[in-house]
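Participant: Got a structure for you, written out below as C-alpha cells; questions coming shortly.
The values are calculated or read from the model by the stated rules, or taken from the named source; none is laboratory data. Small disclaimer: the values here were computed from a predicted structure and weren't measured. Neighbour counts run over all protein chains shown; Cβ positions are idealised from the backbone, glycine included.
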Amino acid sequence: MLEVNVTISYIHSDGLTAALQSALGTNKALGVSSYGSNRPISVWLADSASPLEQQQAAVVAQAHDPVFLSVDKTHVAANGVDTAIVTVFAPKPAALVTLLIGSTSVPVTLANGVGSISIVSNDPASIPISVQNPANRTTDTLIVEAI
Amino acid sequence: MPTTTINVSVSGQLVTISTNEGNALRQSKTAAGTNALDNLTMAQALAWIDANVTDLPSARTALKHLVKLILILRTDLDRTKSGL
C-alpha cells in the first residue's frame, strides 16, 4: 500500500474518499487517514498506483473543500413553530455552501466557516437536507421528520 | 420513506415546509368557514341538532355542517398519512 501525505487541516473522510475513488477508481484509491488538524493526512493508494496517479491523488486532496452538516433535532412537530436548526461547517477559507432542502437550493450565510438555517414545517413530511454539488466536499445527508 | 412532495419556502435563513395535502386541508378549512358543530361534545352536538333542525332549510344547514366536518376530517387524514 502506498501513502501520499497532504497537508490540509480538515477532511470529510467519506467525501474525500469518494472523490479519490471517483478520480482513480476503487481499486487504486483505498482510503484516507487523518491525525488532527496539525498533521498531514494520509491518502492510501494501492501499490499499483503510478507516480502520476499519486500526484493526481494529492491534487484531489488539495482541492478538498469539506462540508459538515449537523442538526439539533431529527423530529419536529408539524405545526409551523417547532424548529430544527441545521448547522453547517465549511472550514476552507472563502468556502460557499448551498444546501438542498428537498430539491430547493438554499444558500447558507457563513461566518468563519459556520452557518445555520432554521427549518419549520406546517405539515407532516420527511425533509431531506444535503449539500448542492457535494463532490469532494461531503457525503452527509440529513433527514428531519415533521410529525 | 414518505413519497409526498414537499414545498419549500425560503426567507433568509428560515425554511418553511408545506405539502400539497396540507395546503388542501387549509383550503378546505377556509372554504368551510365557521361550523356550529366544531368543538362540540357528542352530547352538545346531539342537543344542537334537536334545537336547530326543525324544518327542511334548517336540516339542509345541519347537513352542510356535517359534510364540512367529514370533508375536513378526510383531508386531515390525507395530510397525516402523506407524512408517514
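Participant: Here are the criteria: (1) closer than 30 Å to B:GLY22 by Cα; (2) assigned by TED's automatic domain parsing to the domain that holds A:THR17. Tell me which single one A:ASP140 does not satisfy.
Facilitator: Condition not satisfied by A:ASP140: (2).
Participant: Moving on to the next point. Of all residues in the range B:17-53, count the ones that are acidic (Asp, Glu) and free of Cβ contacts under 8 Å to residues at least 60 places away in the same chain.
Facilitator: Selection size over the range B:17-53: 2.
Participant: If you don't mind, there's one more thing I want to ask. Output the number of the condition that A:ARG39 fails; it satisfies all remaining conditions of (1) modelled with pLDDT under 95; (2) part of a helix (DSSP H, G or I).
Facilitator: So A:ARG39 meets the others, but not (2).
Participant: Inspect the range A:48-66 for any residue being of a type outside the set (Val, Ile, Thr) and in a strand (DSSP E or B) and give the result as yes or no.
Facilitator: no
Participant: Pick out the one residue from B:LEU25, B:LEU40, B:LEU77 that is of a type in the set (A, V, I, L, M), in a helix (DSSP H, G or I) and out of contact with any helix residue (DSSP H, G or I) (no Cβ under 6 Å at 6 or more places or on another chain).
Facilitator: The unique qualifying residue is B:LEU77.
Participant: Return yes when B:ILE6 is at pLDDT 95 or above, within 14 Å of another protein chain (Cβ to nearest Cβ), out of contact with any His (no Cβ under 9 Å at 6 or more places or on another chain) and surrounded by 14 or more Cβ atoms within 10 Å (Cβ to Cβ) and no when it is not.
Facilitator: Answer is no for this residue.
Participant: Take the residues of the range A:111-126 that are within 11 Å of chain B (Cβ to nearest Cβ) and without any contact (Cβ under 8 Å) to a residue 40 or more places away in the chain: which is surrounded by the fewest Cβ atoms within 10 Å (Cβ to Cβ)?
Facilitator: So the residue we want is A:SER118.
Participant: Suppose the filter is hydroxyl-bearing (Ser, Thr, Tyr), away from every other protein chain (no Cβ under 14 Å), free of Cβ contacts under 8 Å to residues at least 12 places away in the same chain and surrounded by fewer than 15 Cβ atoms within 10 Å (Cβ to Cβ); does A:SER70 pass it?
Facilitator: Working: hydroxyl-bearing (Ser, Thr, Tyr): yes; away from every other protein chain (no Cβ under 14 Å): yes; free of Cβ contacts under 8 Å to residues at least 12 places away in the same chain: no; surrounded by fewer than 15 Cβ atoms within 10 Å (Cβ to Cβ): yes.
No, not satisfied.
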